[in-house]
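Participant: Structure provided below as structure tokens; questions to follow.
Throughout, read-outs are computed from the coordinates displayed, never taken from laboratory work. Just so it is clear, the structure is predicted and the values come from calculations on it, not from any experiment. Cβ sites come from the backbone with ideal geometry, for glycine too, and all protein chains shown count toward neighbours.
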Amino acid sequence: MSVVPTSPSNMPVMGNACSRFIGRILLRAMGWKLTGKFPNEPKLMIALAPHTSNWDFVVAMPVIMAVGVKVSFLMKKEAFFWPLNKLFAWWGAIPTERGEANDMVEQVAAWYGSHDQVWVAITPEGTRKKAERWKTGFLRIAHRAEIPVFLVAWDYPNKRLHCDRLFTPTGDHAADLVQIQEHFTQGYTACKVDYQ
């Protein structure tokens, strides 16, 4: 059985056959796999949870390499200086200016609007510490950009990163967040179980 599912045609891509091979080798060595399947959507907001440990990043990076998916992420604009700016852009970093939350929403929504294929990954908790209330920023961005949210979960007992399902934001961010948070915390087990 493959450690990763088939990649859809509309997925933003990065890397090559060599990096995908290395990613698969790393996943097998770690005993992890990617389950479920990616939707064939050119633009997605990926909500990754439950996020409780730096190990989450260690697991996610080989998956990204193995699939060959380009996953964008938010980075402060000040970090985009020569010669690293080209490297950050290649990795998928989105330069953003700090300010009001609504400004951030508009910046990222504009980024979606100016690109044909963009998958942006965000951890809704906004921290690795226990958070009773997750942040709604990812929902506000997705609603403003008119794109679906794709739920992807770390499931440590089963050593899998699971592609769960698409969620269409309704505009009622508080209600949507409750539904998503309950789905993640009731269906999956984080690295640090005392977090839940």
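Participant: Do the conditions hold for Ala190, that is, is it of a type in the set (Gly, Ala, Ser) and either touching a Phe, Trp or Tyr at 6+ places or on another chain (Cβ under 9 Å) or surrounded by 13 or more Cβ atoms within 10 Å (Cβ to Cβ) (or both)? Talk me through it step by step, then tell me what you get.
Facilitator: Details: of a type in the set (Gly, Ala, Ser): yes; either touching a Phe, Trp or Tyr at 6+ places or on another chain (Cβ under 9 Å) or surrounded by 13 or more Cβ atoms within 10 Å (Cβ to Cβ) (or both): yes.
Against the criterion (of a type in the set (Gly, Ala, Ser) and either touching a Phe, Trp or Tyr at 6+ places or on another chain (Cβ under 9 Å) or surrounded by 13 or more Cβ atoms within 10 Å (Cβ to Cβ) (or both)), Ala190 qualifies.
Participant: Determine which member of the set Leu44, Leu34 is under 22 Å from Pro157 (Cβ atoms), buried (at least 19 other Cβ atoms within 10 Å of the Cβ) and touching a residue at least 40 places away in the same chain (Cβ under 8 Å).
Facilitator: Values: Leu44 fails: under 22 Å from Pro157 (Cβ atoms).
Only one candidate passes the filter, namely Leu34.
Participant: Does any residue of region 164-182 turn out to be of a type in the set (A, V, I, L, M), assigned to a loop (DSSP other than H, G, I, E, B) and touching a strand residue (DSSP E or B) at 6+ places or on another chain (Cβ under 9 Å)? Reasoning before the result, please.
Facilitator: Step one: list which residues in region 164-182 are of a type in the set (A, V, I, L, M), which gives 166, 174-175, 177-178, 180.
Retained after the next criterion (residues that are assigned to a loop (DSSP other than H, G, I, E, B)): none.
No, because not a single residue in region 164-182 is of a type in the set (A, V, I, L, M), assigned to a loop (DSSP other than H, G, I, E, B) and touching a strand residue (DSSP E or B) at 6+ places or on another chain (Cβ under 9 Å).
Participant: With the requirement that a residue be farther than 10 Å from Trp32 by Cα and in contact (Cβ under 8 Å) with a residue 40 or more places away in the chain, what does region 148-164 give you?
Facilitator: Listed by number, the residues that qualify are Pro148, Val149, Phe150, Leu151, Val152, Ala153, Trp154, His162, Cys163, Asp164.
Participant: Further, regarding this structure: Taking interchain pairs and intrachain pairs at least six residues apart, which have beta carbon atoms under 8 angstrom, with the first residue in region 82-94 and within 19 Å of Gln117 (Cβ to Cβ) and the second surrounded by 10 or more Cβ atoms within 10 Å (Cβ to Cβ) and small (Gly, Ala, Ser)?
Facilitator: Pairs that qualify, where the first residue is within 19 Å of Gln117 (Cβ to Cβ) and the partner is surrounded by 10 or more Cβ atoms within 10 Å (Cβ to Cβ) and small (Gly, Ala, Ser), are Phe88/Ala79; Gly92/Ser72; Ala93/Ser72; Ala93/Ala79; Ile94/Ser72.
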